[in-house]
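A short worksheet on the structure shown next.
The values are calculated or read from the model by the stated rules, or taken from the named source; none is laboratory data. Since the structure is predicted, the reported quantities are computational estimates derived from the model, not experimental observations. Here the Cβ positions follow ideal geometry from the backbone for every residue, glycine too, while neighbour counts run over all protein chains shown. Remember, those area values only see protein heavy atoms, side chains included, never the ligands or the DNA or RNA. Shrake-Rupley method; radii C 1.70, N 1.55, O 1.52, S 1.80 Å.
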Amino acid sequence: MTVPILNASGCLDALTAPDVARSLDVYVTKTILPLPRRGNPPVRIAETDHGMLNSIGLQGPGIEAFVTDHLPRLAGLGVELWVSVGGFSAADFASCCERLDGEGRVSAIELNLSCPNVEEAPETAAELVAAARASTEKPLYAKLSPAQWDVAAAARAVVAAGADGLSLVNTIRGLALDPRTLRPRLARAVGGYSGPALKPIALACVHACASAVEVPIVGMGGVWTGHDALELVAAGAGAVGLGTVLFADPLAPARVRAELGAEAAARGLADPLDARGTAVVATEKILQIAENGTA
């Protein structure tokens, strides 16, 4: 057993950096929409003291151009492939999933239900998952936003609607100001905040969802080291995604994988997955003791 290492969608262009993509266990594409999209105007990326803001706005070629042009080249990399899909309605998600359903080169579909940089679909996350589920037999991973108080309720809803797994978490909205002008540094002002400061939020969401549903979870958000990855596994994740770190350290997949093994071994674990859910079990025991009043 191992802990699969993925990239967070949108944080790696596999065709520009194929060696980095091959160092992953699974490559996740940038989110694909039914139609081509130019994305947001620049400035679209801004560094902060503890992370990064992005407001790309789901720029992409559209599902047809992706399948005919990009997919064959991605499949040639020889790494397992997940395709992230999004949209502005349930019909958008359904059409993308239907187009990918017969593609043997695609192992799973990640549903981007939580992009902070575009208009939200009018349907609920569960309705979007249900539309996707009706359009494909491929495994579906629902990518949820941390910007909700009860993420566990959202997890239960999307799993009931047909999600086979969860990707936790997407970025959270943030704002950075120019220190001299005090104007927003991004053209659209707010963007998706990622990086080390996101890790406690990601841990909380993974912990809550692992306690609520029994489906595979890909944990992501602020992973920089093998210790970060092991913490997400302890919170309930069975796989780990690397995001912002890939911009600073393209060699991060191999490094984090090695560090993760070393962190597990230092704790007497034969495999990092042996730590899976230990934080959830510990919480359950504490709550049980508190309820019963006995150790």
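Among ALA17, ALA163, ALA229, the largest mean-square fluctuation in a Gaussian network model of the chain (Cα springs under 10 Å) belongs to ALA17. The per residue volume of the convex hull around the alpha-carbon atoms of the chain is 140 Å³. The spread of Cα positions in region 81-202, taken along each principal axis and listed from longest to shortest, comes to 53, 28, 27 Å.
Only residues of region 29-47 count here: report those whose backbone N is under 17 Å from the spot 7 Å along Cα→Cβ of ARG173, or say none. What the label zone holds, given the 17 Å backbone N cut-off, is 40.
Highest GNM mean-square fluctuation among LEU35, LEU12, LEU166, for the chain modelled with Cα contacts below 10 Å: LEU35. Summed over the residues of the chain and divided among them, the accessible surface reaches 45 Å² per residue at a probe radius of 1.4 Å. I'd like to know which of GLY277, GLY293, PRO34 lies farthest towards the positive end of the charge dipole of the chain, counting +1 on Cβ of Lys and Arg and -1 on Cβ of Asp and Glu. Checking the options against the dipole of the chain, the answer is PRO34.
For the chain, the antiparallel share of DSSP beta bridges with both residues in that region comes to about 35%.
Of the residues LEU175, PRO250, ALA187, the one whose Cα sits farthest towards the positive end of the charge dipole of region 126-261 is ALA187 (charges of +1 on Lys and Arg Cβ, -1 on Asp and Glu Cβ, taken about the Cα centre).
Taking a sphere under 15 Å around the Cβ of ALA212 and counting the other residues whose Cβ falls inside, with K and R at +1 and D and E at -1, yields a net charge of -2. Reported to the nearest whole Å, the Cα centre-to-centre distance from region 160-224 to region 1-76 is 16.
About its Cα centre, the dipole of region 77-209 is roughly 680 debye, where the only charges are +1 on Lys and Arg Cβ and -1 on Asp and Glu Cβ. Remark: the chain carries a charge dipole of roughly 700 debye about the Cα centre, counting +1 on each Lys and Arg Cβ and -1 on each Asp and Glu Cβ. Taking a straight Cα-Cα cut-off under 25 Å and skipping sequence neighbours fewer than 8 places away in the same chain, the lysines within cross-link reach of LYS143 are LYS30, LYS199.
Give me the net charge of GLU231's neighbourhood, meaning all other residues with Cβ under 13 Å from the Cβ of GLU231; Lys, Arg count +1, Asp, Glu -1. Residues near GLU231 contribute 0 overall. Dipole check for region 99-161: with +1 at the C-beta of Lys and Arg, -1 at the C-beta of Asp and Glu, and the Cα centre as origin, the magnitude is about 220 Debye. When the chain is described by a simple charge dipole with +1 on each Lys and Arg Cβ and -1 on each Asp and Glu Cβ, the residue from VAL218, ALA134, GLN59 located farthest towards its positive end is GLN59.
Amide H to amide H distances under 5 Å link ALA142 with LEU111, ASP164, GLY165, LEU166, SER167, where only residues 5 or more positions off or on other chains count and H is placed in the peptide plane. Among residues other than ASP92 with Cβ under 14 Å from its Cβ, the summed charge is -4 (Lys and Arg +1, Asp and Glu -1). How would you classify region 1-147 from its alpha-carbon gyration tensor, with a ≥ b ≥ c the square roots of the eigenvalues: rounded for a/c under 1.5, else prolate if a/b is greater than b/c, otherwise oblate? It comes out rounded by the Cα gyration axes.
Split the accessible area of the chain by element, probe 1.4 Å, and carbon with sulfur accounts for 56%. Shape index of region 230-280: Rg/Rh, with Rg the Cα radius of gyration and Rh the Kirkwood radius from the inverse mean 1/r over Cα pairs, equals 1.00. Please state, rounded to one decimal and in Å, the Kirkwood hydrodynamic radius that region 182-295 gives when every pair of distinct Cα atoms enters the mean of 1/r. The Cα-based Kirkwood calculation yields 15.5 Å.
In a DSSP loop and with at most 11 other Cβ atoms within 10 Å, the chymotrypsin sites (Phe, Trp or Tyr not before Pro) in region 71-167 are TRP149.
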